[in-house]
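Every number in this text was worked out from the coordinates using simple rules, so none of it is lab data. Keep in mind that what you see is a predicted model, and the values were worked out from it rather than measured. Methodologically, a virtual Cβ is constructed for each residue, glycine included, from the backbone with ideal geometry; neighbour enumeration extends over all protein chains shown.
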């Protein structure tokens, strides 16, 4: 069915979408399988943007499966590709996830830094994803008494207090 190069890239896109759906439904192993197949095809077809987005999905799965080293590696590579080829929104999506990974590992300053970088990239002031991240940052700062770090990051990234 998928025979030409364009068809193979479309197949990888479908697999990536199936992986994202499986992950959202809580089936991490199915998601991992779909993402790995998509990654292989994206690599073979030199579809770097899709490769990066698929790495983000694998990072999510690895984080869920508590494979933090793998998750960090996937996210770092996804961020590198996103900075080269993708939109600020995709860069922000990877940074948000890197922040979540840092949070579960207890690296609260790193989590805040990632989230502030994501906010700095996201200029959609009233967009639901930005509003949600701003609320998450506020709650996180209060919960973990990170007011000094919060002030430092607001100043560093020239972001008004969210």
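At 0.36 nm per residue, and after removing the present C-alpha to C-alpha distance, how many nm does the segment from residue 131 to residue 70 gain when stretched out fully?
19.0 nm
Can you tell me the length gained on complete extension of the stretch residue 109 to residue 138, counting 0.36 nm per residue apart and subtracting the Cα distance?
9.1 nm
Which three extents, in whole angstrom, do the alpha-carbon atoms of the chain cover along their principal axes, largest first?
Extents along the principal axes: 56, 29, 24 Å.
Which order do 28, 17 fall in if you start with the one that has the fewest other Cβ atoms within 10 Å?
Listing 28, 17 from fewest to most nearby Cβ atoms yields 17, 28.
Highest first, please rank the peptides 29-39, 62-72, 84-94 by the mean number of other Cβ atoms sitting within 10 Å of their residues.
Values: 29-39: 20.5, 62-72: 15.7, 84-94: 18.1.
Answer by packing, highest mean first, reads 29-39, 84-94, 62-72.
So what's the back-of-envelope 222 nm ellipticity for the chain, counting only DSSP H runs of four-plus at -39500 (n - 2.57) apiece and dividing by all residues, rounded to 500?
-26500 deg cm²/dmol
For residue 154 and residue 43, compute 0.36 nm times the residue count separating them, minus their Cα-Cα distance, and round to one decimal in nm.
36.1 nm
Output the Cα-based Rg and Dmax of the range 92-162 in Å, rounding Rg to one decimal and Dmax to a whole number.
Calculated on Cα positions, Rg and Dmax stand at 10.8, 30 Å.
In whole angstrom, note down how far apart the Cα centers of the range 45-103 and the range 26-41 are.
So the separation of the two Cα centres works out to 14 Å.
From the gyration tensor of the Cα coordinates in the range 1-86, what semi-axes in whole Å does the equivalent ellipsoid have, largest first, with each one equal to sqrt(5λ)?
In descending order the semi-axes read 20, 16, 9 Å.
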